[in-house]
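Scroll down for the structure; my scribbles are underneath it.
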Amino acid sequence: MAWLPTLLQAKSVLYPEIAYPTYLVGAILGGADHQTVGIDAAQWPNADLAWVNSPSNPTGRVHSADELRAVVEYARRTNTVIASDECYISFPASTKKPISIFEVANGDNRNLLAVHSLSKRSNLAGYRAAFVVGDSALIAKILEVRKHAGMMVPLPVQKAMTVALGDEAHVIQQADRYRARRAVMQSAIESQGFRVDDTEAGLYLWATRNESDWESVKWFAQFGVLVTPGHFYGEAGKRHVRIALTATDSEIETAAGRIRAHVGK
């Protein structure tokens with residue numbers, strides 16, 4: 001993700017108002033102009049590359065089919081490359097099932113790329129194993145440049161990816177774990193006045209008590225719970241915190257128990 005603007009020689013990059021910081025870092029590394037945008041692609045300015053993230057990190061929001069169609073229409077109208085970050089697509093948390101941008105492209109993948117990561121899908125974070133699919137012309141360009149840049153994936157990692165991608169049972173099992181952990185933690189923090197927004201998929205809770213994110217970070221710290229201040233994901237997130245559901249089931253239960261037992265002064 002960080003190298004995509006460089007590999008595509010993008011000079012202008014759009015990314016969501018609340019977003020994974022690497023979109024911005026990648027634009028900076030590539031020396032590109034960068035701008036945040038809202039959900040409605042009809043309002044976006046022209047650019048060389050635009051990021052879409054559904055399900056969202058950090059919010060868990062899932063784009064509707066109509067919202068993704070608007071993104072495809074924008075790509076056709078402006079000739080902008082769309083990079084759809086679909087790393088969390090395997091982890092639905094509600095009846096709103098995440099879909100790939102290709103499901104609304106009517107078989108025409110021009111200027112469309114989807115980015116996937118086994119760090120999320122298969123818990124292979126240390127392997128740095130991921131892949132990009134989509135427009136064959138863009139993929140050929142990326143492959144040609146990256147081999148000269150020494151970015152080849154080591155063969156043992158490729159073999160591990162093949163095994164992981166050939167199995168869906170572990171993915172379904174992990175999705176069930178995240179849903180169960182979400183229910184436990186969401187109930188606990190809502191009992192203390194927090195509101196959880198979106199959380200339709202993924203492996204995080206995006207929570208607010210309408211206070212500074214640092215105040216919320218401090219509040220959780222008293223229970224030994226580390227959360228991320230929302231402004232890390234953009235200024236629009238400064239009254240939220242991101243809570244990861246990546247601890248073990250027992251650790252989630254312990255943390256939730258401490259929170260439920262809290263009696264405010």
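What follows is calculated from the coordinates using simple rules that are stated; it is not laboratory data. Everything quoted here is computed from the prediction, not taken from an experiment. Quick reminder, even Gly has a Cβ in these numbers, built from the backbone with ideal geometry, and neighbours come from all protein chains shown.
Here are the numbers:
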| read-out | value |
| --- | --- |
| Dipole moment magnitude, nearest 20 debye, the range 169-260 about Cα centre, only Lys, Arg, Asp, Glu C-beta charged | 140 debye |
| For the chain, share of DSSP beta bridges that run antiparallel, in % to the nearest 5 | 50 percent |
| Highest average packing first - 47-59, 77-89, 209-221, Cβ atoms within 10 Å | 47-59, 77-89, 209-221 |
| Antiparallel DSSP beta bridges within the range 31-136, percent to nearest 5 | 35 percent |
| Helix-only [θ]222 nm of the chain, DSSP H runs n ≥ 4, -39500 (n - 2.57) each, per residue, nearest 500 | -11000 deg cm²/dmol |
| Segments 153-160, 240-247, 4-11 sorted - mean Cβ within 10 Å per residue, highest first | 240-247, 4-11, 153-160 |
| Under 21 Å from Lys159, Cα to Cα: lysines that are on another chain or at least 8 residues apart | Lys120, Lys147 |
| Per-selection Kirkwood Rh - the range 117-175 (Cα, Å, 1 d.p.) | 12.8 Å |
| Simple label model, 7 Å out from Cα along Cβ direction - His262 to Arg239, nm | 1.9 nm |
| Net charge of neighbours whose Cβ lies under 13 Å from the Cβ of Ala130, counting Lys and Arg as +1 and Asp and Glu as -1 | +2 |
| Summed residue charge, Cβ within 11 Å of Ile243's Cβ, Lys/Arg positive, Asp/Glu negative | +3 |
| Three-way shape call for the range 65-191 based on the alpha-carbon gyration tensor, with the a/c threshold at 1.5 | oblate |
| P(r) of the chain over all Cα-Cα pairs, binned every 10 Å from zero, in whole percent | 7, 28, 34, 23, 8, 1, 0 |
| Pairs of Cα atoms farther than 19 Å apart, the range 155-234, % | 50 percent |
| By average C-beta atoms within 10 angstrom, highest first, the peptides 118-124, 163-169 | 118-124, 163-169 |
| Cα-centre dipole for the chain with unit charges at Cβ (Lys and Arg positive, Asp and Glu negative), debye to 20 | 480 debye |
| Separation of the Asp176 and His148 label points, Cα + 7 Å toward Cβ, nm | 5.0 nm |
